[in-house]
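In what follows, a single structure is set out as structure tokens and then discussed.
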């Protein structure tokens, strides 16, 4: 049974949006800069897995641009949310891990933002029709 989320396009890619409620929203330009800097700092992510005794038993090296076509970016929205878009690649390894890390870190950096949900982005052709 194919996954319901995200909806993969015919070319094997997908796009999702993260909706964040805004009690005290940062100016959009500040979030744009933060997303770019976050992507630069975290483009390569080395994760360590610990065993029962706290000893590192394995390491993964993840690349942001293997999972996504570009850095996460803010999109304009008429909704009362700050919206960040992620455009997945055809293989999109570990995209959920990256999503979880981004949500954790953006809400820690901007306490006025609260994660609401992730949603599919419909094909651009459908949006403009």
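The values are calculated or read from the model by the stated rules, or taken from the named source; none is laboratory data. Remember, predicted model here, so these are calculated numbers, not experimental data. Here Cβ is always computed from backbone atoms with ideal geometry, including for glycine, and neighbour counts include all displayed protein chains.
Tabulated values for the structure
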{"quantity": "When residues of segment 10-24 are limited to those that are more than 18 Å from the chain's Cα centre (by Cα) and over 22 Å from residue 76 (Cβ atoms), the one modelled with the highest pLDDT", "calculated": "11"}
{"quantity": "Residue count, segment 50-72 (criterion: in contact with a strand residue (DSSP E or B) (Cβ under 8 Å, 6 or more places away or on another chain) and surrounded by 10 or more Cβ atoms within 10 Å (Cβ to Cβ))", "calculated": "11"}
{"quantity": "Residue list for segment 69-112, restricted to those being in a loop (DSSP other than H, G, I, E, B), in contact (Cβ under 8 Å) with a residue 24 or more places away in the chain, under 12 Å from the mean Cα position of the chain (by Cα) and more than 19 Å from residue 5 (Cβ to Cβ)", "calculated": "71"}
{"quantity": "Within segment 17-34, tally of residues that are in contact (Cβ under 8 Å) with a residue 60 or more places away in the chain, touching a strand residue (DSSP E or B) at 6+ places or on another chain (Cβ under 9 Å) and either surrounded by 13 or more Cβ atoms within 10 Å (Cβ to Cβ) or assigned to a helix (DSSP H, G or I) (or both)", "calculated": "9"}
